[in-house]
């Protein structure tokens, strides 16, 4: 089992922290993990991305150049990275801020979730990325959702622990929306 | 053993703390700034000193002073900053002062960029500063290995009274991986340094730290003594790792981050029925020749992969001595070769054999 996840979006959408959440949860679940951020000039505004590798074997290459899964929080990220996803891979994107009309091909599956709108309904737009993370967890079953929730306590600094409930809610909403969509034809791997 | 996620840059710092390093002098530069950031918090917790100098030139000379006084001391920077330190590094080597210098390499030459690179290999391994000197040079390729090699770096520096360079790159510095972090056990019992300038109390004679020898014959004798030391390093300190090297006909050679990419490439090549293997030098100086000698009986070609335009490949050619073709693939300027690129190039090499 090898998942190479690319998370991408605007700076400030919590992309790097969401990647750390996956890595922390994966490690707690006994997986081999690696997390690599983009640290270039894009950190100072524009797009941010990070790669997370989750594997049941030691990780040879921690760089994510052909992701098995893309979590895209905005249009530029979706446009840039969707064509790089492996054949048969999974693309979950924030349909509140991005759309994909064209053909993708190579058996890659697309799932749009209105993450920003869901986060606004939860009461904190900054937890939107975890709607996509929750969907990824539900569709791949790679880590139990409970482990991801537990990891929030490690990844979020203590002065942000009041946001744990909203983040947990976002994870749950993402998971249930994704599972509902599976009924509409998004096949599980 | 508790495992925690740690950033490479933080692992350099924590590894130093656990090795008994109590002094850090440096100046911030991307992509290594989390290292001084980490030590600025951590060193005061263990009674150490963190000092941000006014420049890299000042920092390396503060390292000289603390090392002369017998302290375990380090600095860190990234490529352009390491260039600024070269005069001081030569003086440290000439005065035989132990210290650890971390270079989290970025794209060059000049100001270059902040993306990962391995283009300071020559500078680290072949000199950089002036004079006939060598640095022991270590190249970790994972966050755990960063933690482990920092301890070794300080021990080797003391053992040989020589600066040790630890070469990372932007990826190793920025990435997070799980590390095993045993509970911190506090102060180490470090070997005494009777040569250090700690005052004459109880000793009577002055210790002098110096790299100036006016008489040529005297300086030549110093150089010969240094050479004997470097020869001892070559006999005792070569370190490496191999992967599927037994029965490998196409042998990839890579260090640091590139060794991770090359290892994944070897796995893919094996899946396609190509007998590939990997040699990963852990010490870049002294360069490990033994795994090459072990590979000669079966190897049909070597393929060196680097994030530069061909630097370590020269040491591979010196080691292979024409027994076998040595090929090279590299990207530079902060571009990292992908696994697919390395696999494709390796297949081209293989088909021509």
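The values are calculated or read from the model by the stated rules, or taken from the named source; none is laboratory data. Computed from a prediction, not measured in an experiment: that's the story for all the values here. Cβ placement follows ideal geometry from the backbone for every residue including glycine, while neighbour counts extend to all protein chains displayed.
For the reader, a short list of remarks on this structure follows.
- Taking the listed residues A:137, A:143, A:164, the one that is at pLDDT 95 or above and not in a helix (DSSP H, G or I) is A:143, with no other qualifying.
Residue-by-condition table, conditions (1) within 22 Å of residue B:212 (Cβ to Cβ); (2) outside the structural domain of residue B:146 (by TED's automatic domain parsing); (3) touching a helix residue (DSSP H, G or I) at 6+ places or on another chain (Cβ under 9 Å):
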| residue | (1), (2), (3) |
| --- | --- |
| B:67 | yes, no, yes |
| B:70 | yes, no, no |
| B:79 | no, no, yes |
| B:85 | yes, no, yes |
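- Tally of residues being in contact (Cβ under 8 Å) with a residue 60 or more places away in the chain and buried (at least 19 other Cβ atoms within 10 Å of the Cβ) across the range B:123-138: 8
- Within the range A:19-47, if we keep just the residues that are at pLDDT below 95 and assigned to a helix (DSSP H, G or I), the residue that is nearest to the other protein chains (Cβ to nearest Cβ) turns out to be A:41.
- Residues within the range B:73-117 that are within 14 Å of another protein chain (Cβ to nearest Cβ) and part of a loop (DSSP other than H, G, I, E, B), tallied: 8
- Restricting the range B:120-151 to residues that are over 21 Å from residue A:60 (Cα atoms) and assigned to a strand (DSSP E or B), the residue that is farthest from the other protein chains (Cβ to nearest Cβ): B:136
- Those strands (runs of 3 or more DSSP E) of the range B:152-266 in which 3 or more residues are within 16 Å of the chain's Cα centre (by Cα) occupy B:163-169.
- Sole residue being buried (at least 18 other Cβ atoms within 10 Å of the Cβ), more than 14 Å from chain A (Cβ to nearest Cβ) and at pLDDT 95 or above, chosen from B:259, B:346, B:264, B:276: B:346
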